Amino acid sequence: MSNQRFTPEFKDEAVRQVIERSYSVAEVSERLGVSAHSLYKWVKASKPDDSDQRASELLQAKSEVLKLRAQLRRTEEERDILKKAARYFAQQPE
């Protein structure tokens, strides 16, 4: 096992070659003298954690559901009023 340390700039460049330039991990690791395992870890660490994004999307969806439920309730009330009015006017003689 080698305890060789790599600078953040070196790691960023290696990850950039895999992600942006579409080189294979094996090719980059061989060319740079880094183990493929380490490079895979660097690539995984560079990807943003999407749990915040998922939480935001979930909150947004819940908000939309609540808004749509309120809108549905209002529409049902309007429908009921119109039904009552229709019955009332249907009973009125001309």
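Considering only Ser29, Ala70, Ala86, whose Cα is most displaced toward the positive end of the charge dipole of the chain, charges sitting on Cβ of Lys, Arg (+1) and Asp, Glu (-1)?
Of Ser29, Ala70, Ala86, it is Ala86.
Pick the calculated Cα extents along the principal axes in Å for this structure from (i) 33, 27, 27; (ii) 50, 23, 21; (iii) 97, 22, 19?
Matching the structure shown: (iii).
Work out the length of the dipole vector of the chain about its Cα centre, built from +1 on the beta-carbon of each Lys and Arg and -1 on the beta-carbon of each Asp and Glu, and round it to the nearest 20 debye.
Values: 18 positive and 16 negative charges, 68 e Å.
My answer is approximately 320 debye.
Rule-based calculations on the coordinates, nothing more; no lab input. Since the structure is predicted, the reported quantities are computational estimates derived from the model, not experimental observations. Please note: Cβ atoms are built from the backbone with ideal geometry, for glycine as well, and neighbour counts cover all protein chains shown.
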